[in-house]
1. I'd like the mean, over residues of B:87-97, of how many other protein chain beta carbons sit within 10 Å of each residue's own Cβ.
2. Quote to one decimal, in nm, the extra length available between A:Trp57 and A:Glu69 on full extension: 0.36 nm per residue of separation minus the C-alpha distance between them.
3. Give me the angle, in degrees from 0 to 90, between the Cα long axis of helix B:83-105 and the longest principal axis of the Cα atoms of chain B, rounded to the nearest 10.
4. Using only atoms on other chains, find how many Cβ atoms lie within 10 Å of each Cβ of peptide A:11-22 and report the average.
5. Tell me, what HN-Hα J-couplings in whole Hz come from the Karplus equation 6.51 cos²θ - 1.76 cosθ + 1.60 at θ = phi - 60° for each residue of segment A:41-54, using x for Gly and Pro?
6. Around A:Ile66, which amide H atoms from residues at least 5 apart in sequence, or from another chain, sit under 5 Å from its own amide H, with H modelled in the peptide plane?
7. Estimate the FRET efficiency between A:Thr96 and B:Asp61 by the formula 1/(1 + (r/R0)^6), using the beta-carbon distance for r and 51 Å for R0, to the nearest 0.05.
8. Peptides B:33-40, A:72-79, B:85-92: what's the order by average Cβ count within 10 Å, highest mean first?
Amino acid sequence: MTGTLPETRTVVVERDFAHPPEKLWRALSEPHLIAEWLMGNDFRPEIGHRFNLQGDWGGAIDCEVIAVEPGRTLSYSWNHVHDDPDYDLTSVVAFTLTPTPAGTRLRMEQSGFRPGQKRAYGGARAGWPRFLDRLDQLLVRTG
Amino acid sequence: MQQTQDLIFKALSDPSRRAIFERLCRDGDQTVRVLTAGSGISQPAVSKHLGILKRAGLVRDRPEGRQTHYSVALDALAPLDDWTVRMKRFWQGRFDDLDDLLRRMDQ
């Protein structure tokens, strides 16, 4: 874990859902529905609206709506300020809905920025117990 | 990458191996004998666990005299710690829940 990490990273997750775009849009834009699959929130589909996503770990993600095109695209910033660089994150999430014969293809693209860092030996070692806790949770979830 | 992750997950899925690994993280370089003391398992069992951890790239060994010293490979967990891997898992899980929600919305 030495050296400088790449500064920007993108995650793309795409899936075909057997439901029409209008329905997907409701799930992506109505707060009580967003809470059902993502996180508790005070979202409003208005450009510039600032809201939080409440994580189940007790923390919150700071968001601001960047783009709203009902039934087609939704994008908001997804920022998490944290002392630990592993958690500190400035990113943008963009959802794109494309109608398909069977329903809708949903594409989620998250482009993130994480400051490059050099990890000292001591720092890496100190970070491991916490990482193992996370790994435990991951094993429970994927087990 | 996936294969490396599977090896790491398998290696750490065993509580005894995780205990050995955590001890090496905490205490640094150790011999098999020291690791066996107080572990509640036999020395051959500890050696076997160390072999599995070593194949997963989680520990390194270094012969010194008649003893072999083990230490954690500090960059071993990097494949799991990758932000994109974590976020991808996160979103795949969210999409599973989204699919469940969409089904419920029909009712």
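1. Shielding by partners across B:87-97 averages 6.
2. 1.2 nm
3. Helix B:83-105 and the main axis of chain B meet at about 40 degrees.
4. Per-residue shielding by partner chains comes out at 4.
5. Ordered by residue, 3J(HN,Hα) equals 6, 10, 5, 9, x, 10, 4, x, 5, 9, 8, 10, 9, 8 Hz.
6. Sorted by chain and number, the residues that satisfy this are A:Gly48, A:Ser75, A:Tyr76, A:Ser77.
7. Step by step, r from the Cβ atoms, then E = 0.55.
8. Highest to lowest by the protection proxy: A:72-79, B:85-92, B:33-40.
Values in this text are rule-based calculations from the coordinates and carry no lab data. Note that the coordinates shown come from a computational prediction; the quantities given were computed from them, not determined experimentally. All Cβ positions, even for glycine, are placed from backbone atoms using ideal geometry, and neighbour counts span all protein chains on display.
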